[in-house]
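These notes are about the structure you will find just below.
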Amino acid sequence: AFIMLDVAEPPRTGRAEGFLMRAKASLCVDHHVSGREYTNFFYCEPECSSVSEVLYGLFKEMGAEITGPMAKALFMGSAFDTGGFRHSGTTAATYRMAAELVERGADATSTLNGLFHSKSFSAQRGLSLAIRKAKLYEDGILMCCLTMGDVYQVQSQMAELDAVAGELNEIEEALVVCVLREMNDGTIRVNMRSKDKVDVARVAACFGGGGHVRAAGCTVADPMLLVKENLLAAIRRQLAEQEA
């Protein structure tokens, strides 16, 4: 049996994808509205802020004991997916879960500091470059395009650059943030974040991607400039719908 959590599509299982293909039975537990039923069994609760919250509810329903290590892992997963319990999908149920997990051994301070307030020098260099290359449009769209040359220049790791969109989303004037990054194979990786007006999961779905309402992404096999213009158009259509 192959069980996957919080995975929107098989390629995201990485090197384990071969095991998924050979498994006699497979289960996916998710909370993404864009999740596809590609396993034998699919369990999704889109109203939950994270898969950690889904699992917490299932464990409670089963009467399973939540041990200290489980509490730490569930708290970390919930904290990460909610942006430190700040995203709009965070509910009263999320906070109640977090409180119980702390009572059962999760260390809120060290977890939140480790996830959001402890960054390597190379990661900060990547953020510095992104800020220099970012453009803020009058309608609140902040767009940043990073080439392979840019990535080589700052010597940041790919995982570190994935976090740049979330950092730029803290800019007060930005309603939505799009970070476009050229990959080794020539495709463009897009990471998006928004505050309260733009559903970036809906934008990402236009390009074959998905994710959360406030945090989503996609990979597009088009030139950087074309991807940028198409993203701007998709976001502006959504903004126009709200004003109509």
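The values are calculated or read from the model by the stated rules, or taken from the named source; none is laboratory data. Here the structure is a predicted model, which means the values were calculated and not measured. Positions of Cβ are generated from backbone atoms using ideal geometry, with glycine treated the same way; all protein chains shown enter the neighbour counts. Ligands, DNA and RNA are excluded from the accessible area calculation, which covers all protein heavy atoms including side chains. Shrake-Rupley method; radii C 1.70, N 1.55, O 1.52, S 1.80 Å.
Here are the numbers:
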item	result
Some residue of region 80-88 being assigned to a helix (DSSP H, G or I) and surrounded by fewer than 15 Cβ atoms within 10 Å (Cβ to Cβ)	no
The lone exception for Gly210 - which of (1) more than 30 Å from Leu101 (Cα to Cα); (2) of a type outside the set (S, T, N, Q); (3) surrounded by 19 or more Cβ atoms within 10 Å (Cβ to Cβ) it fails	(1)
Arg96 being part of a loop (DSSP other than H, G, I, E, B) and basic (Lys, Arg)	no
Test for Leu55: is it out of contact with any strand residue (DSSP E or B) (no Cβ under 9 Å at 6 or more places or on another chain) and either under 20 Å from Leu115 (Cβ atoms) or of a type in the set (A, V, I, L, M, F, W, C) (or both)	no
Residue within region 192-201 that is surrounded by 19 or more Cβ atoms within 10 Å (Cβ to Cβ) and either of a type in the set (Ser, Thr, Tyr) or at positive phi (or both) present	yes
Hey, Ala98 open to solvent by 30 Å² or more (accessible area, probe 1.4 Å) and closer than 21 Å to Pro46 by Cβ or not	no
Any hit, region 179-190, residues being open to solvent by less than 10 Å² (accessible area, probe 1.4 Å) and within 26 Å of Phe85 (Cβ to Cβ)	yes
Matching option when the condition is of a type in the set (Asp, Glu) and open to solvent by 60 Å² or more (accessible area, probe 1.4 Å), among Glu47, Glu9	Glu47
Flag if Leu74 is over 20 Å from Val213 (Cα atoms) and buried (at least 19 other Cβ atoms within 10 Å of the Cβ)	yes
In region 147-171, the residues that are part of a loop (DSSP other than H, G, I, E, B) and farther than 14 Å from Arg193 by Cβ	Thr147, Gln155, Ser156, Gln157
Qualifying position, being more than 25 Å from Arg125 (Cβ to Cβ), in contact (Cβ under 8 Å) with a residue 24 or more places away in the chain and polar (S, T, N, Q), among Gln238, Gln157, Gln153	Gln238
Count of residues meeting criterion [over 17 Å from Tyr137 (Cα atoms) and open to solvent by less than 80 Å² (accessible area, probe 1.4 Å)] in region 227-244	0
Cβ-Cβ under 7 Å pairs, at least 6 apart or on other chains, region 89-109 side free of Cβ contacts under 8 Å to residues at least 60 places away in the same chain, far side among the hydroxyl-bearing types (Ser, Thr, Tyr) and not in a helix (DSSP H, G or I)	Thr90/Ser49; Thr90/Thr82; Thr91/Ser49; Thr94/Ser49; Thr94/Thr82
Filtered residue count, region 193-235, keeping only those that are over 24 Å from Asp81 (Cα atoms), among the acidic types (Asp, Glu) and in contact (Cβ under 8 Å) with a residue 24 or more places away in the chain	1
Residue list for region 135-146, restricted to those being open to solvent by 20 Å² or more (accessible area, probe 1.4 Å) and in a strand (DSSP E or B)	Lys135, Leu136, Cys145
